[in-house]
Amino acid sequence: MGALPDGMTFVSGGNSVGVGFVEVKATKGKLGYGALDMQLARMIDTLAEISKLTGAPTELHLVTTTDATVEESLVDYATNRGVVLAHSTVSYDPDTGNMKVDDAAVLNPSVTPHPDVVQSLHSRYLEMPLYADFE
């Protein structure tokens with residue numbers, strides 16, 4: 001594959017169970033096709049091949065800092081390859097000192113093969129103490 005995701009998850013769609021990759025990026029700026037030496041594009045390629053071989057749904061879930069955006073070039077690439085692309089941001093709660101992964105937004109809903117895939121992307125929360133100052 002050439003690029004390993006930060007995590008993996010299972011997604012359900014109708015009568016099938018597929019796979020999703022979770023990739024965390026603490027970066028300012030834009031994530032697009034060609035970003036990070038094609039790492040994200042290779043993950044999309046791998047997920048597309050898994051879906052082609054199994055017929056199961058696949059998704060790439062990007063978790064980023066609030067100042068990162070996903071370019072249309074990456075959304076278009078995932079759409080053309082038939083991979084659901086979702087994006088969540090991490091927010092910081094100064095009252096508790098915890099971070100939370102906000103609900104995912106599906107960036108290419110036309111690709112979603114089954115409504116269950118979208119449901120699997122929502123309500124993923126991560127709370128942990130903040131040990132470093134992220135700028």
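Bear in mind these aren't lab numbers, they're just calculated from the coordinates by the rules spelled out. All values reported here derive from a predicted model rather than from experimental measurement.
Of note:
- Annotation: amide H-H contacts under 5 Å for ALA56 (H modelled 1.01 Å from N, sequence separation of 5 or more, or interchain): none.
- Long-range HN-HN contacts of THR27 with modeled amide H, under 5 Å: THR65
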